[in-house]
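Engineer: Before anything else, here's the structure in question.
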There are 2 protein chains.
Amino acid sequence: MAAELTAHELVAQHRPTLDQALEAIRTRAYWSPHPEHPKAYGEHGSLDAAAGKAAFDALLGTRIDLGQPGTDDWTGDELSPYGIELGVTYPHADVDVLLPAMKAGQRAWRDAGAEIRAMVCLEIIKRISDRTHEFAHAVMHTSGQAFMMAFQAGGPHAQDRGMEAVAYAYVEQVRTPDTAEWTKPQGKREPLALTKRFTAVPRGIALVIGCNTFPTWNGYPGLFASLATGNAVLVKPHPRAVLPLALTVQVARQVLAEAGFDPNLVALTADRPGEGSAKTLATRPEIRIVDYTGSTAFGDWLEANARQAQVFTEKAGVNTVIVESTDDYRGMLANLAFSLSLYSGQMCTTPQNLLVPRDGIRTDQGPKSYDEVVADLAAAVDALLGDDARANALLGAIVNPDVKARLDAAAGLGEVALASREVTNPDFPGAVVRTPLIVKLDGAKPDDEAAYMNECFGPVSFAVAVDSASDAVELLRRTVRDKGAMSVGAYTTDEEVESAIEEVCLEESAQLSLNLTGGVYVNQTAAFSDFHGSGGNPAANATLTDGAFVATRFRVVEVRREA
Amino acid sequence: MAAELTAHELVAQHRPTLDQALEAIRTRAYWSPHPEHPKAYGEHGSLDAAAGKAAFDALLGTRIDLGQPGTDDWTGDELSPYGIELGVTYPHADVDVLLPAMKAGQRAWRDAGAEIRAMVCLEIIKRISDRTHEFAHAVMHTSGQAFMMAFQAGGPHAQDRGMEAVAYAYVEQVRTPDTAEWTKPQGKREPLALTKRFTAVPRGIALVIGCNTFPTWNGYPGLFASLATGNAVLVKPHPRAVLPLALTVQVARQVLAEAGFDPNLVALTADRPGEGSAKTLATRPEIRIVDYTGSTAFGDWLEANARQAQVFTEKAGVNTVIVESTDDYRGMLANLAFSLSLYSGQMCTTPQNLLVPRDGIRTDQGPKSYDEVVADLAAAVDALLGDDARANALLGAIVNPDVKARLDAAAGLGEVALASREVTNPDFPGAVVRTPLIVKLDGAKPDDEAAYMNECFGPVSFAVAVDSASDAVELLRRTVRDKGAMSVGAYTTDEEVESAIEEVCLEESAQLSLNLTGGVYVNQTAAFSDFHGSGGNPAANATLTDGAFVATRFRVVEVRREA
């Protein structure tokens, strides 16, 4: 069939962007082609705020028919954390029909080569970028993120992470040349000479198992890494967060078709709540790659059971911040207060355990006792969230009833230093909005350990009193080793303490943010520069993004013959 | 301690070699710094033939004391396939003592950085290269390879494979810069600015489980890939092939110490026959990487059970050569005869199933019936091995009684087209030397399938009659998919058949050699250019060598702070 998007056009449009992305992952300096400001959209074919909102509204109550084989069953009952029923239905695929159909286009996709695959992926991301406003509402009303966060994290930041994966996938595939002339001297005899051809071949079909809180941000790296390395990709979203990934699949299928490829290279199957189709899908022989973000229990299950596949997991950890000393007490408190509040602590990188010496800390405001530090942090959170409008804009909504139940229970774990407060969202009366809870615990008490040594996902933090800086460092080590960590933070002006914390993070493979007091937060990572997770501790077996994240998604087959 | 080998000296000596290796893996053209000819050794500090033989002889009957912690027990009862008792004993380590000691030097080794680690690895390889003659005897008298093969495959080719792993490890680590300055514009406000430091950190202790047939060639890639990425390495050789790896560990420890590092970063533990210590070792929590070459059963066990580790396996496959047509009948027969004979077929890449259409093939010598092809191949093997001296030089010795028993039993599997012949080795009367057996089987008979669809490791090949070229292609596909393949060969002058075979190899991830009639054989691969295995079919989960072979052996830890 004649492609509407020719290879020439795709390369002309996207190769310069790919080259910039390749330079960014080489230098890890700041770079992003996707504007963060909502007002930057509305020209050059992108939807502005009003058009994006209208597009989202038009989706409500509709059936998203992706034109996939094996679809005569539909499902979908997403309830926005803001209280709206989305009413959108999606294909509940007959995978016995769909999976074979997904294989049909793989040969042409493989033969297109790494560059064209990268170009097609960048065109998909470009089309998604143009609809960032629409996606922002879709992410907001599935994850419960506040609009601005849904816009940025679910839009440009997710698109960045997808493009980063494309860049790594591309560079990994072209490390081996397409052909080689091999000529081996044989002394006085004729040299041995072979012509070798090397082809990057896909593993097969990749499965992306989406999560509730960051459907696009956590879904795009695996989706684009697998697609860019020649695999077909089946997306199985979280039942509460289907819409953003269904739109993504729709765009991908459109672009693939326009570029002359089989749209079935990317497909979606939604499951019913409680159906648990991910287990069945992940262990099917056709599935050769699995990307998963979610609970440790299911991530561990996938690693143990989806043995026919390369499995990439981001599970859960217990994130620690050591508060040992600071020369910017107010900056520290403001920074921490923001980290605890953003999206009601529902990020895998949100700090949970704040380790504070029970004898207090040194600061530029003089010594502060443990109680003072905790009270001042509580006050900083209160000040940050005192205004309801601002609180709503930062907190978003509680994503599901499990998080709310955990928050309610956590207040009984110890002395409450900061109670969680209910906030009303005037625009969405159905939204469950809560401020962070801070509970005091004692690092020396075995009973308290049961609380702080387990992940309590949601707006819950523990101010853990420790005996000393070295006690904090050892608790950090034990926490990362046993429970994993997606992020570690520390505040210290003491070189020895800093060095000890760094050493623990190097030895236990944890990503460390030191003395953040300004506008960067421990729970945020930037694509092309920061690694998200390390892949070296129990919280995740992979990192976003490095060579290891893409290198096993394809193989190189060599065909050699005499020259 | 003052290092005898300074970083400056190491870089001056080895950086140019590393740069050449990096260029070689980029172009995959021919390159090797290690001479293949025995006469090339004897100058610049390397041992010549006589000195190498004397050094080997001096080892016999000795104890190799590596000075490792946790050694008050010794073992070793290697019996050369050539009939000599080596009488060498080795540390049977108390790993509860040894493993903690191996961790002591890891921090300094990590902090040395990727370049210095590469330099130290290249110095180790250089010292081994200087003793190639000595190693050749050690490989010969453990693997049963004939001297020239032991010299080349166990010496320069193994050293090449080790260096290739060092090159991949180096380049993988330096893909991320040591530091980055990240500055994010904030419109009219001050930009956000972070300083980021990235450190490649090791997984922990790596375990190399050696094999009987190619202790150095198959051992070096994992050993050097893990060491170059900052890990400590424990080597557990096959009980019948300890000596070459014990010498390797000895050299590595010497070089590490001279360069100012802890020699315990590389250690050896030999086990007693039947002790099976590999299972216990591979599942210890300290072991975070396992490299294994050997049986499918134990490789599968490791993949399923050594879950705390990154596991790299080279197991067994069923290698196929399709014989469909040729324009060089004599060249094809000679090439195949050599492939079947080299090291008595005891290579993981030796062809096992020769698929020949039952209606015969087209050749430059006119049409040949199935019977003629098989008889002519048998005659070619006979001609190649007719002279006992030449036969001994090609065949080597049968590595162990299991292989001999399998060979004896295989003669009963079908009509014998070429009987295995006993060859006397005048230098080593105790050697068990056998020529290849060729058995005729019928691809359409279910009884025969039980034979040809299982690996029969040793000098056994099956001439399998198939209905047609497309029948051969489908049998190839099924064999690779179900049993795996380390190599695939094909002879065809038909473009359609060639294309179908290539497509099967691309779809099933098998490395293909087409129409080899000269001095390159399907069972040989050259480091820096050929991939050994694909990592994409059941014969192996990794390939030698690509980015995936090194990328998960380390992690990158980021420490960021405000600029």
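The values are calculated or read from the model by the stated rules, or taken from the named source; none is laboratory data. Just so it is clear, the structure is predicted and the values come from calculations on it, not from any experiment. A quick note on method: Cβ atoms are made from the backbone with ideal geometry, for glycine too, and the neighbour counts reach across all protein chains shown. Accessible surface is based on the protein model in full, side chains and every heavy atom, while ligands, DNA and RNA are left aside. Shrake-Rupley method; radii C 1.70, N 1.55, O 1.52, S 1.80 Å.
Engineer: For the stretch A:207-239, how many residues meet the condition of being of a type in the set (Gly, Ala, Ser) and within 14 Å of another protein chain (Cβ to nearest Cβ)?
Structural biologist: So the count comes out to 3.
Engineer: Looking at the stretch B:336-345, which of its residues are in contact with a Gly (Cβ under 7 Å, 6 or more places away or on another chain) and under 24 Å from residue B:443 (Cα atoms)?
Structural biologist: If the condition is that a residue be in contact with a Gly (Cβ under 7 Å, 6 or more places away or on another chain) and under 24 Å from residue B:443 (Cα atoms), then B:345 is the only one that fits.
Engineer: Further question: How many of the residues making up the stretch B:67-81 are open to solvent by less than 10 Å² (accessible area, probe 1.4 Å) and not polar (S, T, N, Q)?
Structural biologist: Selection size over the stretch B:67-81: 1.
Engineer: Restricting the search to the stretch B:526-542, which residues are at negative phi, at the interface with chain A (Cβ under 7 Å from one of its Cβ atoms) and open to solvent by less than 10 Å² (accessible area, probe 1.4 Å)?
Structural biologist: Once the filter is applied, which keeps residues that are at negative phi, at the interface with chain A (Cβ under 7 Å from one of its Cβ atoms) and open to solvent by less than 10 Å² (accessible area, probe 1.4 Å), the stretch B:526-542 yields B:529, B:530, B:531, B:534.
Engineer: Then there's this: If residue A:285 satisfies all but one of (1) farther than 22 Å from residue B:541 by Cβ; (2) in a loop (DSSP other than H, G, I, E, B), what's the number of the condition it fails?
Structural biologist: Condition (1) is where residue A:285 drops out.
Engineer: Take the conditions part of a loop (DSSP other than H, G, I, E, B) and under 28 Å from residue B:541 (Cβ atoms) and apply them to residue A:534. Does it pass?
Structural biologist: So residue A:534 fits the description; yes.
Engineer: Based on this model, can you work out whether residue A:326 counts as closer than 22 Å to residue A:487 by Cα, over 24 Å from the mean Cα position of the chain (by Cα) and in the same structural domain as residue A:414 (by TED's automatic domain parsing)?
Structural biologist: yes
Engineer: Tell me which residues, restricted to the stretch B:500-525, are part of a helix (DSSP H, G or I) and more than 11 Å from chain A (Cβ to nearest Cβ).
Structural biologist: The answer is B:500, and nothing else.
Engineer: Just the residues that are open to solvent by 50 Å² or more (accessible area, probe 1.4 Å) and either closer than 28 Å to residue B:465 by Cβ or of a type in the set (Phe, Trp, Tyr) (or both), please, taken from the stretch B:417-432.
Structural biologist: B:419, B:421
Engineer: Using the structure shown, decide if residue B:280 is part of a helix (DSSP H, G or I), open to solvent by 20 Å² or more (accessible area, probe 1.4 Å) and hydroxyl-bearing (Ser, Thr, Tyr).
Structural biologist: Here the answer is yes, as residue B:280 does meet what is asked.
Engineer: (1) part of a loop (DSSP other than H, G, I, E, B); (2) at the interface with chain A (Cβ under 7 Å from one of its Cβ atoms); (3) of a type outside the set (A, V, I, L, M, F, W, C): which one isn't true of residue B:561, the others all being true?
Structural biologist: (1)
Engineer: Okay, moving on. Within the stretch A:254-267, which residues are touching a residue at least 12 places away in the same chain (Cβ under 8 Å) and out of contact with any Leu (no Cβ under 6 Å at 6 or more places or on another chain)?
Structural biologist: Within the stretch A:254-267, A:254, A:255, A:260, A:261, A:262, A:264, A:266 meet the criteria.
The rows are residues; the columns are (1) closer than 20 Å to residue B:278 by Cα; (2) in contact with a Leu (Cβ under 9 Å, 6 or more places away or on another chain).
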position	(1), (2)
B:69	yes, yes
B:75	yes, no
B:85	no, yes
B:89	yes, no
B:99	yes, yes
B:105	no, yes
B:109	no, yes
B:117	no, yes
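Engineer: Return the total of residues in the stretch B:18-33 being within 11 Å of residue A:182 (Cα to Cα) and open to solvent by 10 Å² or more (accessible area, probe 1.4 Å).
Structural biologist: Residues in the stretch B:18-33 being within 11 Å of residue A:182 (Cα to Cα) and open to solvent by 10 Å² or more (accessible area, probe 1.4 Å): 4 in total.
For every residue, the table says whether it meets (1) hydrophobic (A, V, I, L, M, F, W, C); (2) in a loop (DSSP other than H, G, I, E, B); (3) open to solvent by less than 10 Å² (accessible area, probe 1.4 Å).
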| residue | (1), (2), (3) |
| --- | --- |
| B:223 | yes, no, yes |
| B:226 | no, no, yes |
| B:235 | yes, no, yes |
| B:239 | no, yes, no |
| B:249 | yes, no, yes |
| B:252 | yes, no, yes |
| B:256 | yes, no, yes |
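Engineer: Every residue in the stretch A:165-177 that is in contact (Cβ under 8 Å) with a residue 40 or more places away in the chain and out of contact with any Pro (no Cβ under 7 Å at 6 or more places or on another chain), please.
Structural biologist: Answer for the stretch A:165-177, where residues must be in contact (Cβ under 8 Å) with a residue 40 or more places away in the chain and out of contact with any Pro (no Cβ under 7 Å at 6 or more places or on another chain): A:166, A:167, A:168, A:169, A:170, A:171, A:172, A:173, A:174, A:176.
To keep it simple, each residue is scored yes or no on (1) over 20 Å from the mean Cα position of the chain (by Cα); (2) within 13 Å of chain B (Cβ to nearest Cβ).
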{"site": "A:119", "(1), (2)": "yes, no"}
{"site": "A:136", "(1), (2)": "no, no"}
{"site": "A:161", "(1), (2)": "no, no"}
{"site": "A:168", "(1), (2)": "no, yes"}
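Engineer: Cβ contacts < 9 Å: first residue surrounded by 15 or more Cβ atoms within 10 Å (Cβ to Cβ), restricted to the stretch B:46-60; second residue β-branched (Val, Ile, Thr) and not in a loop (DSSP other than H, G, I, E, B), any location; separation 6+ or different chain. Result?
Structural biologist: As it stands, the answer is B:46/B:132; B:47/B:132; B:52/B:132, since those pairs meet every condition given.
Engineer: Looking at (1) within 11 Å of another protein chain (Cβ to nearest Cβ); (2) open to solvent by less than 40 Å² (accessible area, probe 1.4 Å), which is the one condition that is false for residue B:481?
Structural biologist: Every listed condition holds for residue B:481 apart from (2).
Engineer: Please tell me if residue A:488 is β-branched (Val, Ile, Thr), touching a strand residue (DSSP E or B) at 6+ places or on another chain (Cβ under 6 Å), open to solvent by less than 20 Å² (accessible area, probe 1.4 Å) and farther than 19 Å from residue A:514 by Cα.
Structural biologist: no
Engineer: Taking the stretch A:544-558 as the search range and keeping residues that are in a loop (DSSP other than H, G, I, E, B) and more than 7 Å from chain B (Cβ to nearest Cβ), which one is surrounded by the fewest Cβ atoms within 10 Å (Cβ to Cβ)?
Structural biologist: Among those residues, the one meeting the criterion is A:545.
Engineer: Which members of the stretch B:344-380 meet the condition of being part of a helix (DSSP H, G or I) and open to solvent by 20 Å² or more (accessible area, probe 1.4 Å)?
Structural biologist: Of everything in the stretch B:344-380, those that are part of a helix (DSSP H, G or I) and open to solvent by 20 Å² or more (accessible area, probe 1.4 Å) turn out to be B:370, B:371, B:372, B:375, B:376, B:379, B:380.
Engineer: Looking only at residues in the stretch B:66-91 that are assigned to a loop (DSSP other than H, G, I, E, B) and among the hydrophobic types (A, V, I, L, M, F, W, C), which one is nearest to residue B:247 (Cα to Cα)?
Structural biologist: The extreme case among them is B:66.
Engineer: It is to be established whether one or more residues within the stretch A:313-325 are assigned to a strand (DSSP E or B) and open to solvent by 40 Å² or more (accessible area, probe 1.4 Å).
Structural biologist: No: zero hits.
Engineer: Here's a check for you: in the stretch A:402-416, which residue that is farther than 21 Å from residue A:379 by Cα and free of Cβ contacts under 8 Å to residues at least 24 places away in the same chain is most open to solvent (accessible area, probe 1.4 Å)?
Structural biologist: A:402
Engineer: Need a quick list: helices (runs of 4 or more DSSP H) entirely within the stretch B:92-194 having at least 3 residues that are open to solvent by less than 10 Å² (accessible area, probe 1.4 Å).
Structural biologist: Those helices (runs of 4 or more DSSP H) span B:95-104, B:106-130, B:132-143, B:158-173.
Engineer: Further question: Just name the residue that is nearest to residue B:172 (Cα to Cα) out of those in the stretch B:1-45 that are small (Gly, Ala, Ser) and either within 14 Å of chain A (Cβ to nearest Cβ) or assigned to a helix (DSSP H, G or I) (or both).
Structural biologist: It comes out as B:21.
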